[in-house]
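Remarks on the structure that follows.
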């Protein structure tokens, strides 16, 4: 075997070991998330700082669980003209979306609040935490 062949074999072996090590020791990346955009979301009830009972413009009532990295500043009775978040699976992240939410206001800039309809909140199970 010539010196060039030996050198080529050593080089190929080194690259193979390097690539195998990269594959074996690969660190998991950040969790995959999906950005969700909603309009005209009614906040029916605040359960705690990160859990809410909400209703879509289509009348679908659902529990929302926001990540503890950002505390939402809305309450029951408010309407969100825009709600945009990253669905992380275990919670909804508001930090990386803009706007995360826009609270409906009147022409003077005051927040518009509506009284929750009794039929919106009765008979629903409490969210699991």
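The values are calculated or read from the model by the stated rules, or taken from the named source; none is laboratory data. Given the structure is predicted, the values throughout are model-derived calculations rather than measurements. Heads up, the Cβs are rebuilt from the backbone with ideal geometry, glycines too, and the neighbour counts pull from every protein chain shown.
Structure notes:
- Scanning segment 87-113 for residues that are farther than 15 Å from residue 73 by Cα, touching a strand residue (DSSP E or B) at 6+ places or on another chain (Cβ under 8 Å) and at pLDDT 90 or above returns 87, 90, 91.
- Elements of type strands (runs of 3 or more DSSP E) contained in segment 33-78, each with 2 or more residues being touching a residue at least 24 places away in the same chain (Cβ under 8 Å) and closer than 19 Å to residue 98 by Cβ: 34-46
- Any chance residue 49 is out of contact with any strand residue (DSSP E or B) (no Cβ under 7 Å at 6 or more places or on another chain) and either at pLDDT below 95 or exposed (fewer than 13 other Cβ atoms within 10 Å of the Cβ) (or both): yes
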